[in-house]
Amino acid sequence: QVQLVESGGGLVQAGGSLRLSCAASGRTFSSYAMNWFRQAPGKEREFVAAINWADTSTYYGGYVKGRFTISRDNAKNMVYLQMNSLKPEDTAVYYCGASRLFVPKLAPYDYWGQGTQVTVSS
């Protein structure tokens, strides 16, 4: 079993940066693909980024590509999301999720955290 706890959210001005962290517990963390997804009030859940278990492949939603970077440190059981050039439309609760398969946007999440709020002011 994997437990996930997100942190690093906050209030930032448009054009600013934030780095989200996701701390995972469980000895099998390194065998999971990790994902970030987000949900804004009144909107559907939206895929943001994914990284495979070996840290050799990443995939991004089109609206964040070039601005966000996902990374992981299996030795520390951590996943990160570096967010640059933030826009007001990036405002949402951001979640990390673990999936057994690296099939971005399609693989179901076996585990996910409680989320961290990101608010981007214009």
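See the values below:
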read-out	value
Nearby aspartates and glutamates by direct alpha-carbon distance to residue 65 (threshold 20 angstrom, same-chain neighbours under 8 apart not counted)	44, 46, 55, 89, 90
Cβ-Cβ FRET estimate between residue 27 and residue 67, R0 fixed at 30 Å, reported to 0.05	0.35
Span from the the stretch 8-46 Cα centroid across to the the stretch 50-122 one, whole angstrom	5 Å
Order of exposure, largest accessible area first, which applies to 36, 53 with probe 1.4 Å	53, 36
Estimated FRET transfer efficiency (residue 74, residue 107; beta-carbon r; R0 22 Å; 0.05)	0.75
Whole-percent pair-distance distribution, where bins are 10 Å wide, for the alpha carbons of the chain	15, 50, 29, 5, 0
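The values are calculated or read from the model by the stated rules, or taken from the named source; none is laboratory data. Predicted model only: the values in this text are computed from it and were never measured. For neighbour counting, all protein chains shown are included, and Cβ atoms are generated from backbone atoms with ideal geometry for every residue, glycine included. Protein only, heavy atoms only, side chains kept; ligands, DNA and RNA dropped before computing areas. Shrake-Rupley method; radii C 1.70, N 1.55, O 1.52, S 1.80 Å.
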